[in-house]
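Presented below is the structure to which this report refers.
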Amino acid sequence: MDAATLSVDLSGLVSGKVAPCAPKKGALIALIGCDGSGKSSLSTDLVKTLRRTNLATYAYLGLGSGDIGRKIGRLPLVGPVLEKVLTSKAKKTRTKGEKIPGVMTALVVFGFSLLRFRRFQHMMRARRDGVIVITDRYPQAEIAGQCDGPGLSAARAGNAFVAWLARAEYRLYQRMAQTTPDLVIRLDVDAETAHSRKPDHDIEALRTKIALTPRLKFNGAALRTVDARQSYENVRSQTMGLVCDVMRKKA
């Protein structure tokens, strides 16, 4: 296939009218940004479009712990109290200078990281099989306690066992971070817009994530920023164009 034909195929993919040529190798494209930036909706939408030709799969690489906490908070009677306790422990664990509040908290955080590592391995198998993988979030080892970084490396350990868990978890994140995505798309949004979309989230936590995200380098990956305050159709079109650029290089 010549360059002109390939360009037509990729352009057609954006509009959903033409099936693209499959790339020779799998591609890894990560969508990052704070909650409320549109990662989940956009990543599933992109995969739905690409799956018309069986080219892509979706991979969620977050922890999911925040959603679980909010679900607990909606339980009758004890829910709000339990959510408050869990949120306090999680915040201390993510905060530099604080002490990780106990072995049980450390084990829960470590368990979530193991689940993330398992999902990462599944994603890597799909990529090796030649599939384009679109991820919602991406693990990193640059900033602890925030932005999908290691959860036990920010606060200090209270005993030798927790310290061992922290070291083991950090090694998992180092292993994942060594895999460089073909493209990282940062969905840029301000805290007020993100909070209007996710009113059950803490706005200060959103501000922290928004401030830290631009510092991430993802092992030298190609980084592109899309203004997620635009209409969804504009964001989708721009993001799909970036995905097509990666496919063009792979094909």
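If you scan the range 189-221, which residues turn out to be surrounded by fewer than 16 Cβ atoms within 10 Å (Cβ to Cβ) and among the hydrophobic types (A, V, I, L, M, F, W, C)? Those that are surrounded by fewer than 16 Cβ atoms within 10 Å (Cβ to Cβ) and among the hydrophobic types (A, V, I, L, M, F, W, C): I203, A211. Close contacts from the range 203-226, counting a first residue that is without any contact (Cβ under 8 Å) to a residue 60 or more places away in the chain and a second that is part of a helix (DSSP H, G or I) and open to solvent by 30 Å² or more (accessible area, probe 1.4 Å), with Cβ to Cβ under 7 Å and a gap of 6+ residues or different chains, come to I203/H195; R224/L242; V226/Q238. Looking across the range 137-161, the residues that are charged (D, E, K, R) and under 19 Å from L31 (Cα atoms) come down to R137, E142, D148. Only one of the listed residues (A177, A222) is within 30 Å of R248 (Cβ to Cβ) and either in contact with a strand residue (DSSP E or B) (Cβ under 7 Å, 6 or more places away or on another chain) or polar (S, T, N, Q) (or both). That residue is A222.
Being over 26 Å from L183 (Cβ atoms), open to solvent by 30 Å² or more (accessible area, probe 1.4 Å), at pLDDT 90 or above and polar (S, T, N, Q) is a description that applies to S153. Looking only at the range 158-188, residues that are in contact (Cβ under 8 Å) with a residue 24 or more places away in the chain and either among the acidic types (D, E) or open to solvent by less than 40 Å² (accessible area, probe 1.4 Å) (or both) come to 17 in all. Looking at T93, T105, just one residue is buried (at least 21 other Cβ atoms within 10 Å of the Cβ), more than 30 Å from R236 (Cα to Cα) and polar (S, T, N, Q), and that residue is T93. Based on this model, can you work out whether L75 counts as part of a loop (DSSP other than H, G, I, E, B), open to solvent by 50 Å² or more (accessible area, probe 1.4 Å) and modelled with pLDDT under 85? Answer is yes for this residue. For the range 41-62, a residue qualifies if it is in a helix (DSSP H, G or I) and open to solvent by 10 Å² or more (accessible area, probe 1.4 Å), and the qualifying residues are S41, T44, D45, K48, R51, R52, T53.
Of the candidates P80, P139, the single residue that is under 22 Å from the mean Cα position of the chain (by Cα) and either open to solvent by 40 Å² or more (accessible area, probe 1.4 Å) or at pLDDT 95 or above (or both) is P139.
The values are calculated or read from the model by the stated rules, or taken from the named source; none is laboratory data. These numbers come from a predicted model, not from an experiment. Backbone-built Cβ (ideal geometry, glycine too); neighbour counts: all protein chains shown. Accessible surface is based on the protein model in full, side chains and every heavy atom, while ligands, DNA and RNA are left aside. Shrake-Rupley method; radii C 1.70, N 1.55, O 1.52, S 1.80 Å.
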